[in-house]
Amino acid sequence: MSRLNELRMISRVAQMYHVERQRQADIAKHLRISQASVSRMLKKAQEEEIVRTTVVAPSGTYAELEAGLRARFGLSEAIVAECSEDRPGAVMSRIGEAAAHFLEATLQTDEIIGVSSWSETILRMVDNIHPMKSGKAKYVVQTLGGMGDPTVQTHANHLTTRLAKLTGAEPHLLTAPGVAQSREAKLVLLGDTYVRSTMDLFGRITLAIVGIGATEPSSMLSRSGNVFSSRELAEIEEAGGVGDISLRFFDESGRFVKTPLDDRVIGMTLEELSTVGRVIALAGGDRKTDAIRGALRTGVIDILVTDKFTAERLVSEVRS
């Protein structure tokens with residue numbers, strides 16, 4: 001009977017604390033026991049399953065899908081955004097909103113942010129971030145060449161400089177094209193003082209925000225001129241490439257795909273990205289699902305922000 005009496009007392013303490021919302025000090029005073037005893041009984045109540053914790057996910061959130069993504073791809077976090085339509089515009093908007101909230105909530109003081117500037121989804125994120133009253137970040141570093149068609153280049157510059165302003169950081173633009181005309185042209189461009197100073201910051205980036213592209217480039221990237229020709233893209237596909245992060249390609253198993261074209265890209269490599277403490281990828285859509293799956297298998301990405309339709313495909317489809 002002694003155990004039953006002990007459990008009765010534990011149950012009474014748990015009721016007073018969890019149901020009646022009394023403070024531990026008041027419970028101790030009422031029952032004429034020490035506050036340390038109250039604390040021990042509350043802990044015991046959980047061990048004995050007298051008190052059980054249940055988390056009920058609010059409507060419009062997808063805890064099971066997020067858990068499935070974390071388990072399947074070894075992610076530290078997954079954010080699945082509610083989305084009513086499985087079409088590119090709607091998907092990008094919802095991902096951008098969710099990513100903006102996550103960044104605002106988790107940005108650390110003196111963070112050095114690396115950002116790929118030719119992503120429409122990241123642009124949507126930046127447009128949804130609220131100005132931070134006290135500046136948190138130190139630098140925002142452009143990780144892929146930002147020069148290109150002037151009509152689109154403004155978006156790339158806006159993305160980097162606007163994110164810097166919102167987070168109280170100093171912007172560092174990469175004033176070179178994302179794709180040089182040749183390896184020799186790239187070497188000349190790398191000799192520029194401003195280009196070099198920005199790229200020297202790659203090793204100090206603490207948070208990288210990237211998009212994931214299919215081998216067929218996005219409309220924004222296509223308009224910028226920072227793309228390979230259809231013949232060159234076919235060469236990448238022949239080598240097994242299914243997608244890219246900042247024009248660095250990988251196959252469906254997550255292995256990095258290296259071709260001579262890689263030598264023309266001016267920006268952060270996947271090897272450099274893999275050393276960053278926290279890498280957040282923003283991507284969704286049916287067209288990109290295979291690319292996202294391959295990107296997650298590279299082991300480079302820590303956090304994925306996607307939409308519910310893409311998350312369902314990634315979790316349910318079993319690929320070798």
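Some observations on this one:
Rundown of residues vs (1) surrounded by 13 or more Cβ atoms within 10 Å (Cβ to Cβ); (2) more than 36 Å from the chain's Cα centre (by Cα); (3) without any contact (Cβ under 8 Å) to a residue 24 or more places away in the chain; (4) in a loop (DSSP other than H, G, I, E, B), yes/no style:
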position	(1), (2), (3), (4)
Arg21	no, yes, yes, yes
Ser39	yes, yes, yes, no
Val56	no, no, yes, yes
Gly89	no, no, yes, no
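- Unique residue being under 26 Å from the mean Cα position of the chain (by Cα) and modelled with pLDDT of 90 or more when the list is Arg162, Arg183: Arg162
- The single condition among (1) touching a Pro at 6+ places or on another chain (Cβ under 9 Å); (2) modelled with pLDDT under 95 that Gly284 does not satisfy is (2).
- For the condition closer than 29 Å to Asp307 by Cα and of a type in the set (Gly, Ala, Ser), Ala176 does not qualify.
- Output for the stretch 106-134, where each listed residue is at pLDDT below 90 and outside any loop (DSSP other than H, G, I, E, B): Glu120
- Residue satisfying condition, being touching a helix residue (DSSP H, G or I) at 6+ places or on another chain (Cβ under 9 Å), of a type in the set (S, T, N, Q) and modelled with pLDDT of 95 or more, within set Thr259, Thr289: Thr289
- Members of the stretch 41-54 that are in contact (Cβ under 8 Å) with a residue 24 or more places away in the chain and either among the basic types (Lys, Arg) or touching an Asp or Glu at 6+ places or on another chain (Cβ under 7 Å) (or both): Lys44
- Residue in the stretch 135-148 that is modelled with pLDDT under 95, basic (Lys, Arg) and assigned to a loop (DSSP other than H, G, I, E, B) present: yes
- Output for the stretch 165-180, where each listed residue is crowded, with 17+ Cβ neighbours inside 10 Å, at pLDDT 95 or above and part of a strand (DSSP E or B): Pro171, His172
- Taking the criterion of being under 20 Å from the mean Cα position of the chain (by Cα) and free of Cβ contacts under 8 Å to residues at least 40 places away in the same chain, the residues of the stretch 58-87 that qualify are Gly60, Thr61, Ala63, Glu64, Ala67, Arg70, Ala71.
- Among the residues of the stretch 279-289, not a single one is over 18 Å from Asp86 (Cα atoms), surrounded by fewer than 20 Cβ atoms within 10 Å (Cβ to Cβ) and not acidic (Asp, Glu).
- Where Arg204 falls short, out of the listed (1) at pLDDT 95 or above; (2) under 25 Å from Ala90 (Cα atoms); (3) out of contact with any Asp or Glu (no Cβ under 9 Å at 6 or more places or on another chain); (4) surrounded by fewer than 23 Cβ atoms within 10 Å (Cβ to Cβ): (2)
- A search for C-beta distances below 7 Å between a residue of the stretch 113-142 that is assigned by TED's automatic domain parsing to the domain that holds Ser93 and any residue that is modelled with pLDDT under 90 and among the polar types (S, T, N, Q), counting only pairs 6+ apart in sequence or on different chains, returns Trp118/Ser224; Trp118/Asn226; Glu120/Ser218; Ile122/Ser116; Gln142/Ser117.
The values are calculated or read from the model by the stated rules, or taken from the named source; none is laboratory data. Since the model is a prediction, treat every value here as computed from it, not as a measurement. Cβ atoms come from the backbone with ideal geometry, glycine included; neighbour counts cover every protein chain shown.
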